[in-house]
Structures are given as structure tokens and as C-alpha cells.
Amino acid sequence: MKTMDSTVPIQCDENTSKLGIIILLGSITMLFITFLSTFGAMVAKELSYIKLSGTHQAIVVGNACLMIVSSLLFDSGFRQWQGTKSTRSHRFILSSHILGLVFLFGQITIWQILVSDGLQSGTNVLAGMTYLMAGAHGVHLLTGLVFVAWVWVQLYRGIPIKPLRFRLIGWYWHFLTGLWIILLSAILILIQI
Amino acid sequence: MSEHQSVWRKYIFSLDHKMIGKQYLFLGIFFLLFGGFQALLIRWQLAYPEQPVPWWLLGFLFKGSGGIIDPDMYNQLFTMHGTIMIFWAITPILIGAFGNYVIPLQIGARDMAFPTLNMLSFWTMFLASIVLLASYFLPDGTAAGGWTSYPPLSLEEGGIPGHGQTYWTLALTLAGTSTMMGAINYVITVIRMRAPGMTYFKMPLSVWGLWLTSILNAIFVPVIAAGLIMLLLDRLLGTQFFLAGRLAAGGGGDPLLYQHVFWIFGHPEVYILILPVWGIVSELLSVFSRKPAFGYKVTAICMCTIVVLSSIVWGHHMYTTGMSPLLGKSFMFLTLLISIPSSIFFFNWLLTLWKGSLHFKTPMLYTMAVIWVFAIGGLTGLYNATVTADIYLHDTMFVVGHFHYTMAASVLFGGYAAISYWYPKMFGRMMNPLMNRIHFWGTFISLNLVFFNMMVLGYAGHHRRIYNPAEYDFIKPLMGLNEFITYAAIVLGAFQFIYLFNFTWSMFKGPIAEKNPWKSNTLEWTVDYPVPHGNFAEIPQVYNGPNEYSNPKVKGQDWVPQSVQIESAG
Ligand code: HEM
Ligand SMILES: [Cu+2]
């Protein structure tokens, strides 16, 4: 980040920005750790139960896989752009973005299915926490989508991007994938107990 | 430099850490006065329950309730007093103002690592303030569930109606976001932007304190954010995370979960508030004793140890919630462990004074006061930490006395020390020492009378947060003491205007300050007032630790700037 006042040189280099993102992601992680621990405590206290049918589990896991693919696509896009400055890289970023969107709509659909199957957030606190975690993840994903879209627009129009920005947006995107995988696995394991 | 900057850029949306620091300072002082006023109203009710509020406490505000403070208002008052003092006064002054002002200057950086984020942090705080203040105009009034806002009290079901609590939650979430932005910035600035030669163990202890505070903030503010979000959903969207029993029709969660989440954040939070003060005290004691901070490294390491320990002791706030005795004892053990590093650096303070050449300039007076009030506060913490004692003391005025000594008094004196010490660099003029001395003694004496007697009340069984103490037979004999505390509190409040006057008056009329009026070693004193945007014409090279006072190798003076090699000095 640079000051508006160009007379003031700031000693802010790439590593500083990277560290900034790392600490930011660490703080976001703390938010989700708190949600997850609360979820765990609710399971331990047997406040309520969630039973997922095989189909439900398959849909949930399948949707999460979309996010993994999206992350992989972003990574290939970045690598191509970095290596050969390939003009095709914007297609990868676009497909990554679209998969992210599909994932988000998938989450909303799953939520509706679960609610209509009787998992109400009001009466079942475990369901409530699950929706909360998915929702909080979704909100972060939404900002991520804006960034990824921005990268795509730049690439598509051929506007040069700072490699660092590209890389850090990638970090954020992969972080969101990893975060959801961990949250989902933890939830699926905890509700079996 | 940058004469062409617009007023807008220079004073309002400034990116300069020094200007942002001042903005935080003014915001904090405003809320300090506001919170202090509410404290006096609380004291009025405790001394003269249900008697009309006098005109000099703005009695006309209570016309609607026949001139008296009614129970709802009373709950709102102590809730907002606590919330405002902690998050809108101490945090902006110590962390927002001095974190911003001092860190880059003392580590030899041109600015924060992310100046734009820094500006956004202040304006997010400003927005949070507006939301908070707006809640005073709601028909049902402000939040009223205490600064801890435990559910179910803080929920609509069987709790507090209206939107005040909702505004409170939103304002706090915004304030937390602002704190996070600041914290991330400070942590990185210290890690990445130190001037060449400024190793971690050459940083002034004031920077250590602010840095460790920011680390705790970056880790634990998200925790309370999670709790607040759940609370908000319970209030607005009908989830029942924190509702149980009859209140939770059908489903239900557990209100205790909130207490855990709150204190997992809350205990680190109290250290967040005190760490900057510890750092500033450690640094100033050395400056005004004209000798190196005793056990500098040990002090720094002790502070780090406390940071780690502070995150695993939260249960000591919950001894009476029916936790298993084993768990209670474990939390007690961990809490008592903290007293080891605390005592070590406390003795380091005393040993810094030992055989020093003490200069009782006003910042030093305030610093010495911190030693006294923190000693009392810390020691009373041990009683609270002991399960057997706390089962009796919990939720009494003893706890209120304890945390006002540790938090309010220490931070107040630490803040006054910091303001008086850095005033010459911030505003280019000196504060009037006589006025400060008068303020110091008036504050010191009345403050101890207020807070010490609160502990006496609590020891005698006086609960905290009760509306009309005179309704309880066993408290009736204590009402005289309640009145006495209120007198002392009024005196305490009155003396603060001397400081406020001095603060404002000196800005225009104080004698022009020299570049280094306290003969300090740290880097901020090597630059002239007004310090330009960008701070240093050339980034300094650091050679010495911050506390090389009275070094025999330095001839002719008892100090040497960190950026001057000792051999070549004097
Ligand atoms: C030095 C060792 C300390 C120990 C052993 C200690 C211990 C405790 C304990 C056990 C309680 C809970 C009492 C109860 O509710 O029954 C407590 C309350 C409190 N302490 Fe400390 N404390 C220490 C230092 C501090 C410091 C440095 C601060 C702040 C800067 C602080 C601020 C508070 C606050 C704000 C509360 C009350 C919160 C509330 O219930 O509203 N304490 N302390
Ligand atoms: Cu505590």
C-alpha cells in the first residue's frame, strides 16, 4: 500500500504485505475457531443433534469439491500468467470465479434443503451454528469473488497487474477453500459423535 | 514537506500516523469525559438512591422520570460507563493515540506499514462512536446488560427490550473491526519497519508493550466478534444459541457458552489495556531515574510470558457458574502463575528506581502513581483468583475496586504520564508543571479514596450493579461510606478539569518546548517539532539500547540518543 502523498517514501515492501495478509488470515481463522469451538461445546453438551442422510452428505461434500477445483483453477491461471504471460490465463481465472459462484449458490441451496427437511436454525442450535459458519464463510467468499473478478477484468482487458496483488488474492482464495474443507470435515465428524 | 496538502488530507483524512494519533486522542478524551460524567451519576444513585439528580449533574436530563434515575436508566448508566471507558476511552487513548504516535517514531520508521488502513481504522472507530451515541436517542434507551452483556439478560426474551442492545452490539463490532485494523498495522510495523540496528531488544519497552497488546488484539478481538455475532443473531434472527430452559421454546442453547467466549476474549482484553501502560511505565521510570531499566530483557520476556498466560486463565471470571471443582482449581493455578512474571517485572520497576537519580517531573509523578495503584490492583487480583475467596467476593464491589485499580487507575495515570511526556513532541509546547502537580495530588488522593473504599464495601458484602443499596438491611450501615465515596468521586472528577484546562491552554500558551526536554534517548526526540509527515529526513541508524542513561562511557551528559554511537558521543 502506498501513501497518497508521494513525497513520503514508505519502507513497505513485498514481505510486509505478505505478512499483513498472513496476520489478517490468522485473525479470520480465530473467528472461525471460536465458532467451531462453540459448535464442539454444543455437541459435547448434547444440546441438539443433526442426522444427515447419505444423499445430503454427498451433496455437501460435492459442493465443497467445487471450491477445491476453483482453487486449483486459480492456481493454474496464476502459474500460466507468471510463466509465459499466457493470454489464456484469464479463462482459468474466470472459470475459477464461476465455480466460486456456483459453490456459493450451492451452499444456499443446501441450506434451503436442510431447513425444509426440518433442520431449523431456531430450534436446533447445531444447525444454527452450521448455517452461521457457512454464512460467515460465504460473506468472506463474496469479498473473495470481488477480488477474483477484479483480477479477471484486468487480465481480460490486458491491464498489467502487480504480481504481488495477484499472488495475495490467490492466497486469500486458497485460504477460503482450506477453511471450508476444515470446517466441513470438523462438522461432519463432530455430528457423528 | 507537503505544504500543498489540503486541509482535508492533512487534518481529516490524514494518512500521517501522528495526526491519526491525535485524532484518536481527542476522540478518547471526549469519551473519557462522557464516561466520567456517567460514573458520577452512578455514584449519585448509590449514595442518594432515588433522590433527584442535582442541577450540576445535569438533573434536567431526568425530567421524564421525575428528576430521579430510574432502575432502567441506572442499568444503562453502568453498562455504558463500562463500555465507553474500556472501548472508547482507554483503547483510543492508550492504543489508538499512543500506539499510533509513538510506535513509528520510536522504532525509526516513516509511518505505519499501511497508512491507508490506519486512516480507515480511525474512521471505522468514528462510525462506531456514532452508532453508540445514537443509541442514547432510542425510545427504550441504550444497552443495559452490563459491559459484559451476558445473555439471557442481553437478549429480548426475558431481557432488554428495544434496540439499544442491538446498537451496542453493532457499535462494538465496528469498534472491534477498527481495533483489528490498527492491531494488524502495529504488529507488522514493529516486525518490518524498524530502523537499521533497532533489534527487538533495542526497542523501548513502550514499544514492546504496545506491540504485545496488538498481538493480543489481533488474536482475541475476532473471538469476541464471534460472540457478538451470535448474540446479534439471537436478538434479530431468532436463533437460540444462548437461550435455555423456559426462554427457549423447544430448542435452546446455553448462556454459559457466551460467558466462555466473552472471557476468552475478556481476560486478554484486560491485559490489552494494561500492557501499553506497563511498557510506558518501564520506559519512563528509566528516563526519570537516569539509569537503565533494570532487567530490561527480563521485563520484556515477562510481558511476553504474561501474554501467553493471559489467554488460558479466563475461567477465573466464572468460578461461581458451577464449573467442576477440578476445572476451577486449574484456572486458579494458572491465574496465580501470572503473579510470577508480574512480580518479577514489578520488582524490576522498583530496582530501576533504586539508587537512581530521580527527577520528579510530572510524567514521573504519574508513573510513580501507576506503581502504587497497580500494586494494590494486582494484589487484590490474587484474592479474586482464589476460588474459596472469590465465591464470596464475586460480583461484589470488591471486584469493582480491583478492576478499577488495575484498569481504570493504572491506565488513567499511565495515560496522564504518556500525555504529559509526549505533549512537547505532539504539540510543540510544554504543559504547565504546577497545574499538573496540583492535578496529580488531587487525583491521586481522591482516586484512592474512591477505589479503596469500594473494596471495603465489597468485603462487607455490598453487591455490584444493584440499583438501591439502601434496600438491603445489611448494606444500610454502609451507606455512609457510599456517600463518602461519592464525595471523593466528585472531587476526583473536579480535578480532571485542571488537567483538561492545562491540556488545552498549553497548546496555545505553554512555553515552546525544546527538541528533547526530558533528555531522553529514544528516537522521537531526535526530530524537531513539528515532526513532518515522514518523520525522519534520513532513516536513523540505531546503535544503542533505549536506556543508556548515565553511561560512564558518555562524557559530559547522562544520556545518549539511540542513534549516536557511544564511543563518538560527548
Ligand atoms: C495481576 C493479577 C490479576 C489477577 C490475579 C486478577 C484476577 C481477577 C479475577 C479472579 C477476577 C474475577 C473476579 C470476580 O468476578 O469474581 C478479576 C476481575 C477483573 N479483573 Fe483482574 N486480575 C489481575 C489483574 C488485572 C489487570 C491487570 C486488569 C486490567 C487491566 C484486570 C481487570 C479486571 C477486570 C476488568 C475484572 C472484572 C470484570 C467484570 O467482572 O466486570 N485484572 N480479576
Ligand atoms: Cu481475568
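Sites listed here are trypsin sites (Lys or Arg not before Pro) in segment B:477-570 whose DSSP assignment is loop and whose Cβ has at most 10 other Cβ atoms within 10 Å: B:K553, B:K555. On a per residue basis, chain B carries 36 Å² of accessible surface, using protein heavy atoms and a 1.4 Å probe. Taking B:F114, A:F92 and ordering them by how much accessible surface each has at a 1.4 Å probe, largest first, produces A:F92, B:F114.
For chain B, the longest principal axis of the C-alpha atoms and the axis of helix B:362-385 are separated by about 40°. Computed from the C-beta positions of B:V456 and B:R246 and an R0 of 35 Å, the FRET efficiency is 0.35 to the nearest 0.05.
The 1.4 Å probe gives accessible areas that order A:W81, A:W152, B:W56, largest first, as B:W56, A:W152, A:W81. With distances taken between every two different alpha-carbon atoms, the protein assembly as shown has a Kirkwood hydrodynamic radius of 27.9 Å. Taking amide H as placed 1.01 Å from N in the peptide plane, B:T396 has its amide H under 5 Å from the amide H of B:R464, each at least 5 places away in sequence or on another chain.
Here is the result for segment B:123-186: no chymotrypsin sites (Phe, Trp or Tyr not before Pro) lie in DSSP coil with at most 12 other C-beta atoms within 10 angstrom of their C-beta. The mean number of Cβ atoms from other chains found within 10 Å of a Cβ in peptide B:228-234 is 3, as a whole number. Summarised as an ellipsoid, segment B:366-494 has semi-axes of 32, 17, 10 Å, derived from the eigenvalues of the Cα gyration tensor scaled by 5 and square-rooted, with the largest first.
Helix content alone sets the calculated 222 nm mean residue ellipticity of chain B: runs of n ≥ 4 DSSP H residues at -39500 (n - 2.57) each, divided across all residues, give -20000 deg cm²/dmol.
The simple spin-label model puts a point 7 Å past each Cα toward its Cβ; for A:T87 and A:V69 those points are separated by 2.8 nm.
If the segment from B:I566 to B:I344 were pulled out straight at 0.36 nm per residue, it would be longer than the present Cα-Cα gap by 77.0 nm.
In summary, the aspartates and glutamates within cross-link reach of B:K297, defined as a Cα separation below 17 angstrom excluding same-chain residues under 8 places away, comprise B:E283, B:E548. Sorting the segments B:216-224, A:24-32 by their residues' average number of neighbouring beta-carbon atoms within 10 angstrom, most packed first, yields B:216-224, A:24-32. Note on B:I229: accessible area is roughly 50 Å² with a 1.4 Å probe, heavy atoms of protein only. Among the trypsin sites (Lys or Arg not before Pro) in segment B:413-490, none sits in a DSSP loop with a Cβ that has at most 10 other Cβ atoms within 10 Å.
For A:D13, what accessible area in Å² do you get when you roll a 1.4 Å probe over the heavy atoms of the protein chains, rounding to the nearest 10? Taking all protein chains as shown, A:D13 has close to 70 Å². Rounded to the nearest 10 degrees, the inclination of helix A:125-157 to the longest alpha-carbon principal axis of chain A is 20 degrees.
Working from the Cα coordinates of chain A, the gyration tensor eigenvalues give, after taking √(5λ), semi-axes of 36, 20, 12 Å in decreasing order. Accessible surface comparison of B:H463, A:H56, probe 1.4 Å, protein chains only, largest first: the order is B:H463, A:H56. Taking only the C-alpha atoms of segment B:19-526, Rg followed by Dmax gives 22.3, 71 Å.
Net length available on complete extension from B:I371 to B:K555 is 63.0 nm, with 0.36 nm assigned per residue and the Cα-Cα distance removed.
For segment A:66-76, the Karplus equation 6.51 cos²θ - 1.76 cosθ + 1.60, evaluated at θ = phi - 60°, returns couplings of 4, 5, 5, 4, 4, 4, 4, 4, 4, 5, 4 Hz by residue, with Gly and Pro reported as x. Only protein heavy atoms count here; on that basis, with a 1.4 Å probe, B:E514 has an accessible area of about 110 Å².
Too long at a 24 Å Cα-Cα cut-off: which of B:K291/B:K553; B:K291/B:K425; B:K355/B:K519; A:K162/B:K22; A:K18/A:K162? Cα-Cα > 24 Å for A:K162/B:K22; rest within. For the residues of B:187-196, the average number of beta carbons from a partner chain within 10 Å of their own beta carbon is 4.
Which parts of segment A:31-54, residue by residue, lose 10 Å² or more of accessible area when the rest of the protein chains are there, as against the chain isolated (1.4 Å probe)? Residues meeting the cut-off: A:L31, A:T34, A:F35, A:T38, A:A41, A:M42, A:K45, A:L47. The angle between the Cα long axis of helix B:479-509 and the main principal axis of chain B comes to about 30°, on a 0 to 90 degree scale.
Summed over both chains, the contact between B and A buries some 3300 Å² of accessible surface at a probe radius of 1.4 Å.
Extension gain for B:L434 to B:D140 (0.36 nm times residue separation, less C-alpha to C-alpha distance): 101.3 nm.
Accessible area per residue for segment A:51-192, computed on protein heavy atoms with a 1.4 Å probe, is 48 Å². Here the accessible area is traced with a 1.4 Å probe on the protein chains. For the protein assembly as shown, carbon and sulfur cover 70 percent of it.
The 3J(HN,Hα) values that the Karplus relation (6.51, -1.76, 1.60; θ = phi - 60°) gives for segment A:159-164 are, in residue order, 7, x, 10, 5, x, 4 Hz. Gly and Pro appear as x.
In straight-distance terms, cross-link reach from B:K329 covers every one of the aspartates and glutamates whose alpha-carbon lies under 13 Å from its own, apart from those fewer than eight places away in the same chain; here that gives B:D390. Once backbone amide H atoms are built at 1.01 Å from N, B:R429 has B:A513 as its partners under 5 Å, excluding neighbours fewer than 5 places away on the same chain.
Shielding of peptide B:257-268 by partners, expressed as the average count of other chain Cβ atoms within 10 Å per residue Cβ, is 2.
The values are calculated or read from the model by the stated rules, or taken from the named source; none is laboratory data. This one's a predicted model, so the numbers in the text were calculated from it and none came from an experiment. Counting neighbours? That spans all protein chains shown, and the Cβs are built from the backbone with ideal geometry, glycine included. Accessible surface areas use protein heavy atoms only, side chains included; no ligands, DNA or RNA. Shrake-Rupley method; radii C 1.70, N 1.55, O 1.52, S 1.80 Å.
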